[in-house]
Amino acid sequence: MNVSDLSISAARRLFWTTFFGTLLLKVVLAAGFPFTGDEAFFYQWGVFPAWGYSDHPPMVGWLLAVLHGISDAPLVLRSVTLLVTSVIALGIVDVLMRHLPAEREAGAWLAGAVYLVLPWSWMFVLVTTDTPLILFMALSAWCYLRANACPGRGTGWYALAGLFVGLAFLSKYFAALLGFAYAVHILGWRRGRWWALPLMFVLALPSIGVNVGFNATHGWSNVMFNVFNRNEGSHWNLQTPAVYAAMTAYLLTPWLLWQGLKGRWADGVSPATRTAATALWLFPIALFAFISFKRTIGLHWVLGFVPLFVVWAGLRVPARGLRTSFKATLALSLPHLIAVAAVAWAPLPLWQPTKIYDRLVFTRETPALAAALKADLPAGATLMARTYNPAAVLAFSHGQYVPVFGVGRHHARQDDQIIDFRSYDGKALRVFDYDEPDLADFQPFFAQVSKQKVVIEGVAFWLVDGTGFQFQPYREQVLAKIAQDFHDIPHWLPLLGNPFCERYGFAGCSPQRP
C-alpha cells in the first residue's frame, strides 16, 4: 500500500468518525435542548395541517404533521432535521469523488468532514422552515451538478433538480436564489443547454402553483410578510453590509475561504464543473451582499449555500489544506459546544447574574409555568399571550392552541388565518405577559380585569384575568389596526379570499374591495 492509499484511508476514517460523532451529538442536542419559540410556532402548523400558513410556505407544517402523528417528543419532532447535514455531507463526498482525480480522493472525505464540524452543521437540530429548505436545496444542487457533468443531455437530472428546487420553494422563498443561480450558470456558461431552464421551471411549477393558489385565497399572507411587512422601515446603509460580510466569513470560515481563493482547480476538473461549482454559491452570496445594503441578512438565510461553497473549496484545496481547515474548524466549534451545553443543561442559578436569565427560565421551565397558569384557570377561560413566542411555547406545554391577544407584530400571524375572536365574546380570557402589564391596556375589552404574578425560579411572570370579553371594541381598536398594518394588500395582486378581513368585515382587504 502506497502513501496515497494511506492518506485516503486515514481521510476516510476521519470522515466516518466525524460523521457518527456529530450524528450522536445532534441526537443528544435534539433530545435535550429546550424547545424554542419558532419550533413551537411551526409545531402548531403540524397540529392544524393546511395547504398553507402565515409567513412561509407550508412544507415544514406538513413535515411536522407527520412527525406529530408519531410522537410529540422533541427528539422525534427534530429527527429529520438532525439527519439533514449528515446527508448533505455524504452528498459533498459523492460530488467530489465524481470530479476529483483518484489520487485526490482524500480531499473528498476531508471536505465532507470539514462540513460536519462547522458549528452550524452540528447545531442544525431545530425543526424550522430551514429543515426542508436546506434538504431540498441540497438535493436539487446535487442533481444539477450530476446533470451538468453528464456527457449526454442529462435531462432526467435537470428534471429532478427542478422538482427539488420547487419543493425547496414550497419550504421558503429563499430557494428561488438557487433557481436564479442555475439561470446565471446556464445563460452565462452553458447556453447550449438553454432548454434545461424551462424544463426545470415546469417541474417546479406545481409547487409554485400550490403556494400562489393559497396566497391568492388567503390575503397573500406569505407575500405580505416576506415582501412588504417585514421590510417596512428598511433603508440604505453601510452598517448592515459590514455585519453581513463578517457573518459570511464566520459561516464559511476565514481559513477555508482563503484556502479556496488561493488554491487551484484540481487536475481534470472540467470547465463546466468549475463554473457550476463557483456560480451556485457565489451568485447567491453576492446577491445577499447587495440586499444587505437595504436590510439585515439573517444568518440562516445563507446556510443552504454553505454546502456548495464546501464543494467549490474541495475542488480547489489539496488534502493538506483541508486537514488544516478541519483542525481549525473543530477548534472553532468547541466554544460553541460549551455555550450550547450551558444554555441547555447548566444549573439555572449560574445564569442568574446575566441578562438572559429571565428568558432562560421561561424556556427551560415552561412546563412548570404552564401548569401554574392552568392551575386556577376559570372554567371555560382561554389562555392567551401578548406575543407569538410565549404563545407558541406555552401552547406546546399547555396542550392547546394559545392565541395572541393584541396587535402583535408582522411575524407569526397564523392567528389571522385560524382564530375567530367573535367566539370569545362574553367569555373569560387569561393573558400571559413577560412583564407587569398596565391594566388600562385591557380595560376597554373586558367587563372586569385583574392581574397577578407567577414566580418561577425567582422570576416573576404576569397574567391578566379578564371576564366578559367585549368583541366589538376589540374589533374597532385592535383588529382594525391589524387589518391596516398587515393586510394592506396591493391592488395589483388578485385577491380571491382573505379569511381575516372577510371574517371581521373589513372591506378594504376583502375580495370585494373598492
Taking segment 288-303 only, how many residues are modelled with pLDDT of 95 or more and open to solvent by less than 10 Å² (accessible area, probe 1.4 Å)? 2
Please determine whether any residue of segment 171-185 is among the charged types (D, E, K, R) and surrounded by 24 or more Cβ atoms within 10 Å (Cβ to Cβ). yes
Lone unmet requirement of (1) open to solvent by 30 Å² or more (accessible area, probe 1.4 Å); (2) among the small types (Gly, Ala, Ser); (3) in contact with an Asp or Glu (Cβ under 8 Å, 6 or more places away or on another chain); (4) closer than 21 Å to SER54 by Cα for SER510: (1)
Can you list residue pairs whose Cβ atoms sit under 7 Å apart, with the first residue in segment 241-268 being over 19 Å from HIS99 (Cα atoms) and open to solvent by less than 70 Å² (accessible area, probe 1.4 Å) and the second being assigned to a helix (DSSP H, G or I) and β-branched (Val, Ile, Thr)? Count only pairs 6 or more apart in sequence or on different chains. THR248/ILE285; THR248/VAL302; LEU251/VAL302; LEU251/VAL306; LEU252/VAL306; THR253/THR329; LEU256/VAL114
Tell me yes or no: at least one residue of segment 118-125 is part of a helix (DSSP H, G or I), free of Cβ contacts under 8 Å to residues at least 40 places away in the same chain and over 27 Å from LEU205 (Cα atoms). no
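Hey, any hits in segment 375-386 for a residue that's open to solvent by 60 Å² or more (accessible area, probe 1.4 Å), within 24 Å of HIS410 (Cα to Cα) and modelled with pLDDT of 95 or more?
Here is the first cut: in segment 375-386, the residues open to solvent by 60 Å² or more (accessible area, probe 1.4 Å) are 375-376, 379-380, 386.
Right, trim to within 24 Å of HIS410 (Cα to Cα) and you get 386.
Applying the additional criterion that residues be modelled with pLDDT of 95 or more yields 386.
Checked segment 375-386: at least one residue is open to solvent by 60 Å² or more (accessible area, probe 1.4 Å), within 24 Å of HIS410 (Cα to Cα) and modelled with pLDDT of 95 or more.
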Can you tell which of ASN211, ASN229 is touching a residue at least 40 places away in the same chain (Cβ under 8 Å), surrounded by 16 or more Cβ atoms within 10 Å (Cβ to Cβ) and either over 26 Å from TYR144 (Cα atoms) or among the aromatic types (Phe, Trp, Tyr) (or both)? ASN229
So how many residues does segment 133-154 have that are open to solvent by 40 Å² or more (accessible area, probe 1.4 Å), part of a helix (DSSP H, G or I) and over 22 Å from SER171 (Cβ atoms)? 1
List every residue pair whose Cβ atoms lie under 7 Å apart, where the two residues are 6 or more positions apart in sequence or sit on different chains, the first residue falls within segment 144-172 and is of a type in the set (A, V, I, L, M), and the second residue, located anywhere, is in a loop (DSSP other than H, G, I, E, B). ALA147/GLY154; LEU170/PRO57; LEU170/PRO58
With the condition kept exactly as written, say whether any residue in segment 190-200 is outside any helix (DSSP H, G or I) and surrounded by fewer than 16 Cβ atoms within 10 Å (Cβ to Cβ). yes
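Matching residues to (1) in a loop (DSSP other than H, G, I, E, B); (2) surrounded by 13 or more Cβ atoms within 10 Å (Cβ to Cβ); (3) not small (Gly, Ala, Ser):
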{"position": "ARG430", "(1), (2), (3)": "no, yes, yes"}
{"position": "GLU436", "(1), (2), (3)": "yes, no, yes"}
{"position": "GLU476", "(1), (2), (3)": "no, no, yes"}
{"position": "ALA480", "(1), (2), (3)": "no, yes, no"}
{"position": "PRO494", "(1), (2), (3)": "yes, no, yes"}
Residues to consider are PHE20, PHE42, PHE15, PHE35; find the one that is touching a Ser or Thr at 6+ places or on another chain (Cβ under 7 Å) and either open to solvent by less than 50 Å² (accessible area, probe 1.4 Å) or without any contact (Cβ under 8 Å) to a residue 40 or more places away in the chain (or both). PHE42
Does any residue of segment 223-242 turn out to be touching a Leu at 6+ places or on another chain (Cβ under 6 Å) and not small (Gly, Ala, Ser)? no
Given the criterion among the β-branched types (Val, Ile, Thr), touching a Pro at 6+ places or on another chain (Cβ under 8 Å) and more than 30 Å from SER423 (Cβ to Cβ), identify the matching residue among THR324, THR354, THR363. THR363
All conditions in (1) part of a helix (DSSP H, G or I); (2) open to solvent by less than 40 Å² (accessible area, probe 1.4 Å) are true of ARG323 except (2)
Across segment 438-465, the tally of residues that are touching a residue at least 60 places away in the same chain (Cβ under 8 Å), in contact with a Ser or Thr (Cβ under 7 Å, 6 or more places away or on another chain) and part of a loop (DSSP other than H, G, I, E, B) stands at 0
Single match in PRO335, PRO349, PRO367 (criterion: open to solvent by 50 Å² or more (accessible area, probe 1.4 Å), in a helix (DSSP H, G or I), free of Cβ contacts under 8 Å to residues at least 60 places away in the same chain and within 17 Å of PHE35 (Cα to Cα)): PRO367
Quick one: GLY162 ticks every box in (1) under 28 Å from ASN226 (Cα atoms); (2) open to solvent by 30 Å² or more (accessible area, probe 1.4 Å); (3) in a helix (DSSP H, G or I); (4) not hydroxyl-bearing (Ser, Thr, Tyr) bar one, so which box is it? (2)
Picking from ASP441, ASP420, ASP415, the residue that is crowded, with 16+ Cβ neighbours inside 10 Å and among the acidic types (Asp, Glu) would be ASP415
Considering residues that are farther than 26 Å from VAL87 by Cβ and either touching a helix residue (DSSP H, G or I) at 6+ places or on another chain (Cβ under 6 Å) or among the charged types (D, E, K, R) (or both), the number found within segment 290-315 is 5
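The values are calculated or read from the model by the stated rules, or taken from the named source; none is laboratory data. A quick note: this is a predicted structure, and the numbers were derived from the prediction, not measured. Methodologically, a virtual Cβ is constructed for each residue, glycine included, from the backbone with ideal geometry; neighbour enumeration extends over all protein chains shown. These accessible areas exclude ligands, DNA and RNA; they are computed on the full protein's heavy atoms, side chains included. Shrake-Rupley method; radii C 1.70, N 1.55, O 1.52, S 1.80 Å.
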